[in-house]
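To start, the structure itself, in structure tokens.
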Amino acid sequence: MPLIEVSIARGRTPEQLRALIAELHRAAETAVGAVPDNTTVIIREIEHEHWSRGNQTIAERNAAALRSCGQRGTAERRGRTKDLVMRFSLFVHMERWDESVSHQELFENLTELTLIAEAGGFSTVWIGEHHSMEYTISPSPMPQLAYLAARTSRIRLGAGTIIAPFWNPLRVAGETALLDVISNGRMEVGLARGAYQFEFDRLMGGMSAVDGGKHLRELVPAVRKLWEGDYAHDGEVWQFPTSTSVPKPIQKPTPPMWIAARDISSHEFAVANGCNVMVTPLMKGDEEVEDLANKFNTAVENNPGVPRPDLMVLRHTHVHSEDEPEGWRRPAEAIQKFYRTFDAWFGNKTTPKNGFLEPSPEEKFAERPEFTPESFHKTAMIGTPNEVIERLRHYEALGVDEFSFWADNSLTHEEKKRSLELFIEHVVPAFQEQPATAAR
């Protein structure tokens with residue numbers, strides 16, 4: 001029996017609920033065609049002031065929910081269909097730029113952004129893994145995602161990403177399977193080789209971060225085998241006798257797996273092994289997105305016997321209103337600070353103090369125009385709703401299946417929240433209602 005579940009703000013009268021159900025059916029017909037007579041509709045009331053603005057917002061959310069139920073299905077796990085429009089996700093961490101904000105408050109902020117994203121029709125929330133950094137607070141994505149599983153009902157829960165060298169295949173298989181059980185089949189498993197030498201010096205005895213690829217390539221098939229049943233492993237990195245994942249994941253055949261890729265060999269490995277691909281241009285412009293999409297498409301062409309996986313682009317994003325001609329400047333400066341801090345951590349030249357590391361000084365980038373706020377205005381996804389929509393249309397035409405709204409920067413929580421709300425209110429409906437027709 002078809003099932004549709006939607007959430008609304010608490011406090012509706014029975015008459016209002018009946019009117020909303022009627023509107024739900026109209027939205028369904030617009031989104032996916034006629035609704036079968038035996039469809040069950042579950043309406044879940046929530047305490048959320050940001051989504052009690054009336055029928056227009058609810059209709060938009062219902063359309064998003066219908067698309068999630070009616071169109072994605074196995075397509076979200078194993079490839080793109082021609083009539084599927086680009087979906088959106090949230091990539092978010094706790095970030096502490098000084099000691100004025102507590103970790104508890106930061107986690108409450110992260111949770112609020114996740115609830116807003118779910119209410120706005122986002123497909124997934126992604127949380128990564130980093131160690132001993134106040135700059136990106138996430139020693140493991142798993143406990144955060146487990147908490148969010150209990151606070152949400154529809155949004156998928158992505159580890160974005162598990163750093164392969166820091167784990168054992170048995171731990172990855174068991175912990176991700178348990179989260180799949182806790183969330184009733186909403187786990188997305190992202191994996192990466194790792195990047196910060198700072199972390200490798202402390203967790204891997206000084207192993208070079210660039211050597212993490214062998215761990216990633218060994219981990220992926222081992223985790224799948226453990227999800228399936230008994231498996232003994234005798235690899236270059238890990239060895240263990242016959243074992244299995246307990247519990248087993250709910251999703252069949254397995255939860256979706258994603259590989260963070262940049263070079264062509266990473267794309268080739270991901271596609272050949274049936275993994276989706278996540279990429280980020282970092283501070284580079286859309287020409288880098290085009291290059292990454294070309295690498296992905298080349299890998300797909302080189303593996304004709306494998307169903308096309310999904311491609312996700314992660315990019316720093318901030319939407320400001322049309323009546324703010326200088327609305328780009330504060331987010332551009334905040335993202336500039338993010339990348340100056342990234343440079344300091346990535347350079348690994350100084351020792352942090354109690355988890356904090358000062359951003360690299362601005363003078364260091366005097367001869368690097370890509371580090372100016374004006375440049376970040378052009379390269380990061382910063383702009384009015386119409387400006388953002390125009391650029392995202394280009395991404396969709398490149399074959400991007402998912403765009404991830406990267407919320408990490410030094411803006412206040414209220415500024416981030418307002419940007420996310422503007423994105424949901426103005427950008428998301430453009431892709432729900434007017435699918436791009438570019439051939440893929």
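Values in this text are rule-based calculations from the coordinates and carry no lab data. For clarity, every value in this text was computed on a predicted model and none was experimentally measured. Counting neighbours? That spans all protein chains shown, and the Cβs are built from the backbone with ideal geometry, glycine included.
I need the phi-derived Karplus couplings for the stretch 263-271: 6.51 cos²θ - 1.76 cosθ + 1.60, θ = phi - 60°, integer Hz, Gly and Pro marked x.
7, 5, 5, 5, 4, 4, 4, 4, 5
For D310, list long-range residues whose amide hydrogen, built 1.01 Å from N in the peptide plane, is under 5 Å from its own amide hydrogen.
G79, N276, V277
If each of K252 and E387 carries a label point 7 Å out from its Cα toward its Cβ, how far apart are those two points in nm?
With each label placed 7 Å out from Cα toward Cβ, I get 5.0 nm.
Count the net charge of all other residues whose Cβ sits under 10 Å from the Cβ of A334, scoring Lys and Arg as +1 and Asp and Glu as -1.
Working: positive: R329, R330, K337, K416; negative: E333, D408, E415.
Net local charge, A334 excluded: +1.
Which shape class, rounded, prolate or oblate, goes with the stretch 274-401 when its Cα gyration tensor gives a ≥ b ≥ c as root eigenvalues, a/c under 1.5 marks rounded, and past that a/b bigger than b/c marks prolate?
On the way: a/c = 2.51, a/b = 1.37, b/c = 1.84.
Oblate, because a/c is 1.5 or more while a/b does not exceed b/c.
Rounded, prolate or oblate for the stretch 141-260? Axes are the square roots of the Cα gyration tensor eigenvalues, ordered a ≥ b ≥ c, and the cut-off for rounded is a/c under 1.5. Display every interim value, and only then the final one.
Working: a/c = 2.27, a/b = 1.30, b/c = 1.74.
Judged from the Cα gyration tensor, the stretch 141-260 comes out oblate (a/c at least 1.5, b/c at or above a/b).
Suppose a student asked you for the relative contact order of the stretch 141-260, using Cα pairs under 8 Å spaced at least 6 residues apart; what percent would you report? It would help to have the intermediate numbers written out before the result.
On the way: 203 pairs, mean separation 36.8, N = 120.
Rounded, it is 31 percent for the stretch 141-260.
Give the peptides 284-293, 349-358 in descending order of average Cβ contacts within 10 Å, highest first.
Numbers: 284-293: 16.1, 349-358: 11.7.
Output ranking for 284-293, 349-358: 284-293, 349-358.
At a 10 angstrom cut-off on C-beta neighbours, averaged per residue, how do the peptides 228-236, 414-422 rank from highest to lowest? Spell out each step's value before the answer.
Numbers: 228-236: 12.9, 414-422: 18.1.
Result, highest mean first: 414-422, 228-236.
Short version: ³J(HN,Hα) in whole Hz for each residue of the stretch 225-236, in order, from phi by Karplus 6.51 cos²θ - 1.76 cosθ + 1.60 (θ = phi - 60°), x for Gly and Pro, what are they?
5, 5, 4, 7, x, 5, 7, 10, 10, 9, x, 6
Just the number, please: percent antiparallel of the DSSP beta bridges in the stretch 284-440, rounded to the nearest 5. Don't jump to the answer; show the numbers that get you there.
Working: 1 of 9 bridges.
Beta bridges within the stretch 284-440, antiparallel portion: roughly 10 percent.
Can you tell me which of 109-121, 199-211 comes out highest on packing, and rank the rest after it, using the mean Cβ neighbours within 10 Å?
Values: 109-121: 21.8, 199-211: 14.5.
The densest-packed peptide leads the list: 109-121, 199-211.
For the stretch 303-355 and the stretch 87-110, compute the distance between their C-alpha centroids and round to whole Å.
Cα centroid of the stretch 303-355 versus Cα centroid of the stretch 87-110: 15 Å apart.
Label 7 Å along Cα→Cβ of A430; the stretch 299-340 residues with amide nitrogen under 11 Å?
Hits in the stretch 299-340 for A430 at 11 Å: none.
Once amide H atoms are placed 1.01 Å from N in the peptide plane, what residues at a sequence separation of 5 or more from G355, or on another chain, have their amide H within under 5 Å of its amide H?
The answer is none.
When only C-alpha pairs under 8 Å and at least 6 residues apart count, what is the relative contact order of the stretch 271-362, in percent?
Numbers: 76 pairs, mean separation 24.0, N = 92.
Averaging sequence separation for qualifying contacts and normalising by length gives 26 percent for the stretch 271-362.
Compute the separation of the alpha-carbon centres of the stretch 246-268 and the stretch 366-412 and state it in Å as a whole number.
26
Using modelled backbone amide H atoms (1.01 Å from N, in-plane), which distant-in-sequence or interchain residues come within less than 5 Å of I382's amide H?
The answer is H318.
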